[in-house]
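Everything on this sheet refers to the single structure shown next.
The values are calculated or read from the model by the stated rules, or taken from the named source; none is laboratory data. Note that the coordinates shown come from a computational prediction; the quantities given were computed from them, not determined experimentally. Please note: Cβ atoms are built from the backbone with ideal geometry, for glycine as well, and neighbour counts cover all protein chains shown.
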Amino acid sequence: MRRIANFLFEAGMLKRTPRTGFQFLGSGAESVAEHIFRTVYIGFVLGNLASDVDKDKLLKMCLFHDLPEARTGDLNYVNKKYVKANEKKAVNDLADTLPFGDEIRELIFEFMQGESPEAKLAYDADQLEMIVALKEYKDLGNTYAEEWLDFALKRLRTDIARELAVAILETDSSLWWFSDKSNWWIRGDKD
């Protein structure tokens with residue numbers, strides 16, 4: 001049980017591990033855990049839009065895809081020009097300590113290989129999470145977000161993800177809550 005407790009503390013480290021790319025964007029900040037949170041939701045959506053996909057496996061891949069970053073940190077594209085994280089070692093070192101470690105290892109390694117339908121969708125969920133965040137920053141006036149969006153869109157691997165990305169880009173990120181511009185916003189009532 002102590003090793004499982006250590007695993008839970010390690011997973012909690014993701015709440016304090018920053019996504020480092022935002023420092024180059026000039027606005028925004030999120031932890032790896034925050035990124036994973038929305039990636040899982042996007043994976044759920046993609047799993048329901050796709051056919052012949054093991055949704056449970058897809059969601060688990062989304063949940064664990066960045067777990068190695070608790071040990072390696074988040075390397076952005078500039079960092080990756082100069083530094084190579086040994087994610088496989090990080091995964092193996094963790095998995096070797098857990099009774100369910102083989103499942104985590106298999107999920108992460110399948111995600112890294114990127115060949116199965118679930119791995120492709122999990123990868124796209126990861127990219128779509130960044131696309132959603134960039135769209136939010138673009139809507140708030142960050143001019144660099146548009147350029148970053150072009151690159152993120154080119155990384156998508158599935159038609160379903162590309163179709164969802166189009167809808168994301170065509171949707172104002174605040175309209176989910178601010179589409180009803182009635183008197184309620186003045187007096188707190190509908191009349």
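Out of all the residues in region 43-63, is one or more modelled with pLDDT of 95 or more and in contact with a Pro (Cβ under 6 Å, 6 or more places away or on another chain)? Yes, region 43-63 contains at least one residue that is modelled with pLDDT of 95 or more and in contact with a Pro (Cβ under 6 Å, 6 or more places away or on another chain).
Identify the residue in region 7-17 that is within 17 Å of the chain's Cα centre (by Cα) and surrounded by 15 or more Cβ atoms within 10 Å (Cβ to Cβ) and, among all such residues, is farthest from Leu140 (Cα to Cα). Result: Ala11. Where helices (runs of 4 or more DSSP H) fall entirely within region 1-62, those with at least 3 residues that are in contact (Cβ under 8 Å) with a residue 60 or more places away in the chain and of a type in the set (Val, Ile, Thr) are at 32-49. Cβ-Cβ contacts under 7 Å between residues 6 or more apart (or on different chains), taken from a first residue in region 141-168 that is among the β-branched types (Val, Ile, Thr) to a second residue that is outside any loop (DSSP other than H, G, I, E, B), are listed as Thr158/Lys120; Thr158/Leu121; Thr158/Asp124; Ile160/Leu46; Ile160/Leu49; Ile168/Ile131; Ile168/Val132; Ile168/Lys135. Just to verify a result, which residue in region 103-115, among those that are of a type in the set (A, V, I, L, M, F, W, C) and touching a residue at least 40 places away in the same chain (Cβ under 8 Å), is nearest to Ile160 (Cα to Cα)? Filtering region 103-115 for residues that are of a type in the set (A, V, I, L, M, F, W, C) and touching a residue at least 40 places away in the same chain (Cβ under 8 Å), the one nearest to Ile160 (Cα to Cα) comes out as Phe111. The lone criterion from (1) of a type in the set (Ser, Thr, Tyr); (2) more than 20 Å from Leu128 (Cα to Cα); (3) modelled with pLDDT under 95 left unmet by Thr20 is number (2). Counting residues in region 25-36 that are surrounded by fewer than 17 Cβ atoms within 10 Å (Cβ to Cβ), among the hydrophobic types (A, V, I, L, M, F, W, C) and more than 21 Å from Ala95 (Cβ to Cβ) gives one or more.
In this structure, is Met130 of a type outside the set (Gly, Ala, Ser) and either surrounded by fewer than 18 Cβ atoms within 10 Å (Cβ to Cβ) or more than 17 Å from the chain's Cα centre (by Cα) (or both)? When the stated conditions are applied, Met130 does not pass them.
For region 172-191, taking the residues that are among the basic types (Lys, Arg) and assigned to a loop (DSSP other than H, G, I, E, B), the one that is farthest from Lys138 (Cα to Cα) is identified as Lys190.
If you go through region 141-178 and pick out every residue that is crowded, with 16+ Cβ neighbours inside 10 Å and either closer than 17 Å to Val45 by Cα or of a type in the set (Phe, Trp, Tyr) (or both), you end up with 8.
Being within 17 Å of Val40 (Cβ to Cβ), among the small types (Gly, Ala, Ser) and in contact with a Cys (Cβ under 9 Å, 6 or more places away or on another chain) is true of Ala122.
Note on region 77-102: residues that are in contact (Cβ under 8 Å) with a residue 24 or more places away in the chain and either surrounded by 16 or more Cβ atoms within 10 Å (Cβ to Cβ) or of a type in the set (Asp, Glu) (or both) amount to 3.
Counting only residues that are more than 15 Å from Cys62 (Cα to Cα) and free of Cβ contacts under 8 Å to residues at least 40 places away in the same chain, region 116-133 holds 1 of them.
Listed by position, the helices (runs of 4 or more DSSP H) enclosed by region 64-171 that each have at least 3 residues that are more than 20 Å from Met13 (Cβ to Cβ) are 77-82, 101-113, 117-139, 144-154, 159-170.
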